[in-house]
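I have placed the structure first, in the form of structure tokens, so that the comments after it can refer back to it.
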Amino acid sequence: MSLPAPPAIVIAAGGDGRRMGGAKPLRRLGGATLLDHACQWAMRQSGTCAIAVRAQDQIPPAGLPLLIDEQPGLGPVSALVSAMRFARDNSCEAVMLIGCDQPFLPDDLLARLAARIGDHAVAMPVSGGKDQPLASLWRIRESEAAAFIAEGGRSLWRLADRLGAVRIAWDSETSSRDPFANINDPEILARLAAAPHDTGHTSCA
């Protein structure tokens, strides 16, 4: 059973970004911030998008609703609960959670995940032998996710397996760069900024 309507997409932007020196979503790549790249990718895929943050003042207005973590400091799993609630409130059956530091996500990613999710709770890409839970499609399982957190769970991988995930192999070997790469430190950002790129994204606002 595929999804009857486009899912919501929520960008996780609530991390401290310590390895980046702070303010990771606002670091620039190719004339736009990392958050701008994520926003533009999300808005090309769905008309229902939001940004999950740990505090209202963490980022400047970005043209999308802000979802504030109810339990800051738990990592992306807290953003996922906010994302599921946002999707439910907007009558979506599923939500895709992506990181604010993934500027090269494939344009056909969501369509391929939606086509393969079937009766599973999660559709997760696997690239280079690595699961990509922060680029996955999740059916709304808000109470189960909240219970997982209440039991001390923090790992998106473990939550996905607990809910029931289907893994979709992604061929990244033919790409010039890892489409699921996340930019975690200034050295990676500088190297990518110096290389030719074709993101072409503009501001979210």
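Residues of region 121-142 being closer than 15 Å to residue 92 by Cα, part of a strand (DSSP E or B) and more than 13 Å from the chain's Cα centre (by Cα), which ones?
Within region 121-142, 122, 139 qualify.
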Practice prompt. Would you mind telling me which numbered condition in (1) surrounded by 13 or more Cβ atoms within 10 Å (Cβ to Cβ); (2) part of a helix (DSSP H, G or I); (3) at pLDDT 95 or above residue 193 fails?
Written response: (3)
Worksheet entry | Neighbours by Cβ (under 9 Å, 6+ apart or cross-chain): first from region 27-42, under 15 Å from residue 135 (Cβ atoms); second among the charged types (D, E, K, R) and surrounded by fewer than 23 Cβ atoms within 10 Å (Cβ to Cβ) | 34/27; 34/28; 41/107
Practice prompt. Determine whether region 14-22 contains at least one residue that is surrounded by fewer than 17 Cβ atoms within 10 Å (Cβ to Cβ), within 16 Å of residue 182 (Cβ to Cβ) and in contact (Cβ under 8 Å) with a residue 12 or more places away in the chain.
Written response: yes
Worksheet item: If you go through region 88-115, how many residues are part of a helix (DSSP H, G or I) and under 14 Å from the mean Cα position of the chain (by Cα)?
Response: 3
Worksheet entry | In region 38-94, the residues that are within 15 Å of residue 140 (Cα to Cα) and touching a His at 6+ places or on another chain (Cβ under 9 Å) | none
Discussion item. Conditions first: (1) touching a Ser or Thr at 6+ places or on another chain (Cβ under 9 Å); (2) free of Cβ contacts under 8 Å to residues at least 40 places away in the same chain; (3) among the hydrophobic types (A, V, I, L, M, F, W, C); (4) surrounded by fewer than 20 Cβ atoms within 10 Å (Cβ to Cβ). Residue 147 passes all but one, so which condition is the exception?
Written reply: (1)
Discussion item. Given the options 42, 13, name the one that is closer than 22 Å to residue 160 by Cβ, of a type in the set (Gly, Ala, Ser) and modelled with pLDDT of 95 or more.
Written reply: 42
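The values are calculated or read from the model by the stated rules, or taken from the named source; none is laboratory data. Note that the structure is a prediction, hence the values are computed from the model and not measured. Because the Cβ atoms are built from the backbone with ideal geometry, glycine has one as well, and the counts that use them run over all protein chains shown.
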